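Single-structure report; data block below.
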Amino acid sequence: MTNKPLKIVLFYCANALDAAALRKSAGEAGADDIKTVSLPCSGKVNLLYLLKAFEKGADGVMLVTCHHGDCKFIEGNLRAQKRAEAVDALLDESGLGRGRMRVIQKNNENGAGQIFEAIENFKNDIRVSSGR
Amino acid sequence: MIVAERKSIPDLVDILKDHQKILVLGCGTCVTVCLAGGEREVSIISSALRIAANIKGLDFEIEELTIERQCDNVFIEEATDAINRNDAVLSLGCGAGVQALAERYAKKPVYAGLNTAFIGILEDRGIWAEKCAACGACVLHQYGGICPVTRCAKQMLNGPCGGSREDRCEVRPDRPCAWQLIYNRLKDIGQLEKLTAIAPPKNWEPGHGGGCRVIVREDHRI
């Protein structure tokens, strides 16, 4: 295994997470290096957004959606979940393997701080699966 | 429309591995509508190919372009410069588009990035189904607009076969029985008496069994 830092891109629904709270939590978690991309709804994300992140060198992409049933646009979070699954399969075909794409549903229990804990767990899982 | 689906990324990498500069060329017509080879799919497949090439240590330089229609010389012309500056073309058009490109650019390798599947329509979000087998001798007028050649697994012209269960096809239980659909449709339009006629054996000669089919319109050849 190497200690090379993993590059993680975080796409998030702006209805699920507040940008200011996210920045504050990133500072507290020492995760300022994580690139964040705000979306008006997680359903705005498409395969290309996610793939481009990997093409540009991301080791993993996390997508934060609203909890099922809470999407302001009814089914944006469901579409986002399906697209993330499609990207996971495409990355597997491309040789990166599965598990580089992760979706987290925001609920009352997991605030911005918990998202960064989830990212750390995500990084550990990637390290284990990729041997880094 | 013509419905197609993309080949797997490992298959595409294997097809392209001997080339460096590659044009991924989409088509803005049928394969755009069936979400297989339009502008968006060109970007997605190109991105996946770049990721795969990076992992495999291949030196792909991929250019992306989508033209309105790959099966028509007028539109193909728009891609000439891009085709000339690349070593090979990965066409995301249907089989007709791939061959139109290959005929037009005789010295340029042109590869199919899609598997052309059938002539069909969008049945529901994300579901396309075959509706026409291009048999060359359409019988839809006899069957209420529902094709037994394409939609009956046994291609029965004097159906039903008797094997359907609860309106589902015996061969493909996930699909409706075409003959149940034909009966319902003829009943709805008041033409049930058409089912009393015995259809003679179909003339399959206009179909693909006679080799590549060509239509000549002399009035357009001046």
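Report the label-to-label distance for B:Val139 and A:Ala89 in nanometres (one decimal), using points 7 Å from each Cα along the Cα→Cβ vector.
Taking the two extended label points, one gets 3.6 nm.
Do you know the relative contact order of the range B:88-170, to the nearest whole percent, from alpha carbon pairs under 8 angstrom that are 6+ apart?
Once normalised by length, the contact order is 17 percent.
Counting every Cα pair in chain A, what percent are over 22 Å apart?
Considering chain A, 32 percent of its Cα-Cα pairs are separated by more than 22 Å.
With an 8 Å Cα cut-off and a minimum separation of 6 or more residues, compute the relative contact order for chain B in percent.
With pairs under 8 Å counted, the relative contact order is 17 percent.
Write down the percent of antiparallel bridges among all DSSP beta bridges whose residues are both part of the protein assembly as shown, to the nearest 5.
Around 30 percent antiparallel, to the nearest 5.
Tell me which trypsin sites (Lys or Arg not before Pro) from the range B:34-91 have a DSSP coil assignment and no more than 14 other beta carbons within 10 Å of their own.
B:Arg85
Could you calculate the FRET efficiency of A:Phe73 with B:His220 from 1/(1 + (r/R0)^6), where r is the beta carbon distance between them and R0 is 45 Å, rounded to 0.05?
0.35
I need to check one value: relative contact order of the range A:32-79, counting alpha carbon pairs closer than 8 Å and at least 6 residues apart, in percent.
45 percent
From the residues A:Ala80, B:Ala112, A:Ala14, which one has its Cα farthest along the dipole of the protein assembly as shown in the positive direction, the dipole being from +1 and -1 charges on Cβ of Lys/Arg and Asp/Glu about the Cα centre?
Toward the positive end, the furthest listed residue is A:Ala80.
Among the listed pairs A:Lys56/A:Lys106; A:Lys82/B:Lys56; B:Lys7/B:Lys108; A:Lys82/B:Lys17; B:Lys154/B:Lys194, which have their C-alpha atoms separated by more than 23 angstrom in this model?
Going by Cα-Cα distance, A:Lys56/A:Lys106; A:Lys82/B:Lys56; A:Lys82/B:Lys17 fall outside the 23 Å limit.
Can you list the GluC sites (Glu not before Pro) in the range A:76-132 that are in a DSSP coil and have 13 or fewer other beta carbons within 10 angstrom?
Those that pass, being in a loop and sparsely packed, are A:Glu109.
Rounded to a whole number of µm²/s, how large is the Stokes-Einstein D of the range B:135-205 at 37 °C and 0.692 mPa s, given Rh as the Kirkwood radius over C-alpha pairs?
Roughly 265 µm²/s, to the nearest whole number.
Express in nm, to one decimal, how much length is gained between A:Ala19 and A:Glu117 on full extension, taking 0.36 nm for each residue of separation and deducting their alpha carbon distance.
Answer, rounded to one decimal: 33.6 nm.
Would you please give the residues with an amide H less than 5 Å from that of B:Val3, counting only those at least 5 places away or on a separate chain, with H modeled from the backbone geometry?
B:Ala117, B:Phe118, B:Ile119, B:Gly120
In peptide A:81-90, how many Cβ atoms from other protein chains are near each Cβ within 10 Å, on average?
1
At what distance in nm do the modelled label points of A:Asn46 and B:Asp124 sit from each other, each positioned 7 Å from its Cα along Cα→Cβ?
2.4 nm
Where in the range B:150-209 are there GluC sites (Glu not before Pro) that are in a DSSP coil and have at most 13 other Cβ atoms within 10 angstrom of their Cβ?
B:Glu166
HN-Hα J couplings of the range A:70-76 from phi, Karplus 6.51/-1.76/1.60, θ = phi - 60°, integer Hz, Gly and Pro as x?
9, 5, 4, 9, 6, 10, x
Mind telling me which of B:Ser46, B:Ser91, B:Ser164 comes out most flexible in a GNM of chain B, alpha-carbon contacts under 10 Å?
Of B:Ser46, B:Ser91, B:Ser164, the most mobile in the Gaussian network model is B:Ser164.
Along the Cα→Cβ direction, 7 angstrom out, place labels at B:Gln155 and B:Val74. What is the inter-label distance in nm?
Those two pseudo-labels are separated by 3.5 nm.
B:Glu68's amide H: which non-local residues (gap 5+, or another chain) put their own amide H closer than 5 Å, with H modeled 1.01 Å from N in plane and none for Pro or chain starts?
B:Gly28
For a quick protection proxy, order the peptides B:138-146, B:113-121 by their average other-Cβ count within 10 Å, most packed first.
Per-residue mean Cβ counts within 10 Å order the peptides as B:113-121, B:138-146.
Taken together, the values in this text are just the output of simple stated rules run on the coordinates, not laboratory data. Not measured: the values here are computed from a predicted model. Heads up, the Cβs are rebuilt from the backbone with ideal geometry, glycines too, and the neighbour counts pull from every protein chain shown.
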